1. Take region 179-208 and flag every residue that is away from ligand 1 (no atom under 16 Å from the Cβ) and touching a Ser or Thr at 6+ places or on another chain (Cβ under 8 Å).
2. What's the total number of residues in region 267-294 that are surrounded by 17 or more Cβ atoms within 10 Å (Cβ to Cβ) and farther than 28 Å from Tyr624 by Cα?
3. Of these, Ala213, Ala167, which one is assigned to a helix (DSSP H, G or I), out of contact with any helix residue (DSSP H, G or I) (no Cβ under 7 Å at 6 or more places or on another chain), over 14 Å from Asp363 (Cα atoms) and in contact (Cβ under 8 Å) with a residue 40 or more places away in the chain?
4. For region 323-334, how many residues are buried (at least 24 other Cβ atoms within 10 Å of the Cβ) and assigned to a loop (DSSP other than H, G, I, E, B)?
5. Need pairs with beta-carbon distance below 8 Å; first residue in contact (Cβ under 8 Å) with a residue 60 or more places away in the chain and part of a strand (DSSP E or B) and within region 506-517, second near ligand 3 (Cβ under 7 Å from one of its atoms) and among the basic types (Lys, Arg); sequence gap 6+ or separate chains.
6. Can you tell me how many residues within region 153-179 are of a type in the set (D, E, K, R) and under 29 Å from Leu349 (Cβ atoms)?
7. May I ask you to say which residue of Ala599, Ala552 is assigned to a helix (DSSP H, G or I), more than 16 Å from ligand 1 (Cβ to nearest atom), surrounded by 23 or more Cβ atoms within 10 Å (Cβ to Cβ) and of a type in the set (A, V, I, L, M, F, W, C)?
8. Tell me, which residue of region 479-498 that is free of Cβ contacts under 8 Å to residues at least 60 places away in the same chain and among the aliphatic types (A, V, I, L, M) is surrounded by the fewest Cβ atoms within 10 Å (Cβ to Cβ)?
Amino acid sequence: MNASPATTARFLRVTGVVQGVGFRPFVYRLATHHSLGGWVRNVAGTVEIHIEGDVEELEAFQAELRTEAPPIARIDALELASALACGANDFRIVESADAEGIRPVTPDLAMCAECEAELFDPNDRRYRHPFITCTNCGPRYTIVRSLPYDRERTSMALFRKCAVCDAEYQSPDDRRYHAETVACPDCGPQVWLVRADGLALSHEDGAIREAAAQLKMGLIVAIRGIGGFHLACDATNDQAVRRLRERKQRDAKPLAVMVRTIGQAGALGTISLQEALLLCSPERPVVLIERADESPIAPSVSPGLDRTGVMISYTPLHHLLLEDVGRPLVMTSGNLSEEPIAIDNEEALLRLKGIADLFLLHDREILSRVDDSVARVVDGKPVLLRRARGYAPLTLRLPVSSPRTLIAVGPHLKNTFTLVSHNAAHVSPHIGDLDSVESLDHFRATLDRYEDLFRITPEVAVHDLHPGYLSTRLAEEMELEGIIAVQHHHAHVAAVAAEHGITSPVVGLAFDGTGFGDDGNVWGAETLVADLNGYKRAAHLRYVPLPGGDLAAREPWRVALGYLSLDTGAGDAFALAFRGIDEGLRANAERQIERRLIAPLASSMGRLFDAASAVLGLRQRASYEGQAAMELEALAGSQPAEPLAMELCDTNGVIVIDPVPLLAALGEQRQKGVDVGLLAARFHESIVHMAGAVAVKVADAASIDTVALGGGSFQNARLLSGIRRYLEARGLNVLVPRQLGPNDGAISFGQAAVASSLLARGD
Ligand code: ZN
Ligand code: ZN
Ligand code: FE
């Protein structure tokens, strides 16, 4: 048929998060609504649309393409060209075309409200179907084998759609129209419950009901989820939680709790509007909320802390379990201590044998391992503490496009990597600490997936300056055309600047536990003047010897001893730090300091928190990194306090901050009986004022008006908020981590930003 004279035709290309989010069905409905003909298809990471018809309808279509798009879609760019009308009088979704290009993959999304309604509707054919999904929700990244996103290239390929599901898939009016994950009890994946010895106990709905009953009895159940296994137990049962800790060899590190509704989350603590929005978002991170006094959660879930990590169930399977159990569940990653989470049924039965009593399995393969994300709200805005499910693998943008493809391998702890092509930075989900064979395998497997999905073969490797890190060795072993080392705290500052698109010099405060300094010492309380190409160290904490080296990160009394060696006159004030410590141990540590043997010098904010905790008599030994700091933050709460003094001195143009007077004052006041919470608050205020004053001074001297805050210490809300306010009150523009967290999870992105900039400059 020939096009009528009134027919106009246009070609549109839409870039952004447009695949796996119901974008094509949306386009179909919109075009049909406006009586337009043509087609829509996925091409690599973009969506191409050909439309033709009445010009007014066409204009309306274009406008609504932006305003009416599905909530989880994100349009970054819309290219428009006129086209030749081909007489199409209907609109079709056509087969995906495969081509090169930027290829965004959608993160896994929490079950939507419509699916939830069906899940609990006894009259719905998907009543209690644990794999209910639609075009707006369900797994994506974890089930995608390759792109473009179509069922045959996902782990749903094994499940042949039944006639009813297929009819829904084909029907433009159905909300599962072209939903690649569509399934039902007749054709979808199955669940079953087995004992630790592999014996199957029950199947399908019976398995979920039995798992729930056993959880209520206090047993530990390993549950196969979306990005891996969880270990679950009744969060209100202290004994069950303790048993889980013992078996998992996880001493005191807080555990996440899952509830089914926002109302149930509200029973556990005080929730602000922003926290509620974050809890209910399609990303569904674990959110740290302030624990209510009457919280039913067992104290062993987050000992010594004032917050509970809560998430709302995001898969239908979790919803069913929680509904049946009727109380909050601990949902912690299915692994031993710091290893990666298990994803396969066989693997879980093997690795979690000694931990779980029962295993709730399913047969939808998990192709990418991804942990739960963790976030908290500071000053009304989310701060990511771990970026994984729901966020990865969304692509971030670099302010300077790289002329070569890159792999930035990240740091040693809380590792992520970043794969770069041009200005697209593909930051991996949280991988974890790179100190086991399993975590290295996890790193390599995830990198393989990323190289596949994004079709990037890296030409240059970027790594931390630390020669001993396994990540550094990984980068060297890749034997690429080029290799670039980036200092840890430079990477922290670059990450924050780059995510805000800033390339001009900033004052960077990089506060964390440890990073290799360019003088060979341990850095971690650094004020830098930096841009993406380089940095100058403008201020730092006075160096303290850390007797025992790495051991000092777990034994705050050692850090206190190190500080005492700088001013031996402060002995009385430091007394609480060493109460009950074995004399021999202490003498040995003193020898290490004297002889400068296994006593590296450190300027570290994390260690300063440890020392403060020790001199206040709170903690001499920690069972996880950051424990002392988290407890101090909890003790300080939000009570107001005056700062105590620290000394500043100028050494060859570098400001050195001496915290010994502060530690001595804390110790003295504590021994005089001053409330420990007030002292914790004073400690925080002292750091805020000291860091703020130094930053202002450095900014003035360098004529810079922007300050970037990065590093794991800024996971501390009082510090982050306090320093930001201090600087803003003095007219400075403050950059805070948003898309990535403050901690080492952002290092690979910072490394990528620095390397891109250096390569673009021709270095
Ligand atoms: Zn849905
Ligand atoms: Zn079906
Ligand atoms: Fe760091």
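The values are calculated or read from the model by the stated rules, or taken from the named source; none is laboratory data. Everything quoted here is computed from the prediction, not taken from an experiment. Reconstructed Cβ throughout: ideal geometry from the backbone, glycine too, with neighbour counts over all protein chains shown.
1. Trp192, Leu193
2. 3
3. Ala213
4. 2
5. Pairs that qualify, where the first residue is in contact (Cβ under 8 Å) with a residue 60 or more places away in the chain and part of a strand (DSSP E or B) and the partner is near ligand 3 (Cβ under 7 Å from one of its atoms) and among the basic types (Lys, Arg): there are none.
6. Counting residues in region 153-179 that are of a type in the set (D, E, K, R) and under 29 Å from Leu349 (Cβ atoms) gives 2.
7. Going through Ala599, Ala552 in turn, the sole match is Ala552.
8. The selected residue is Ile483.
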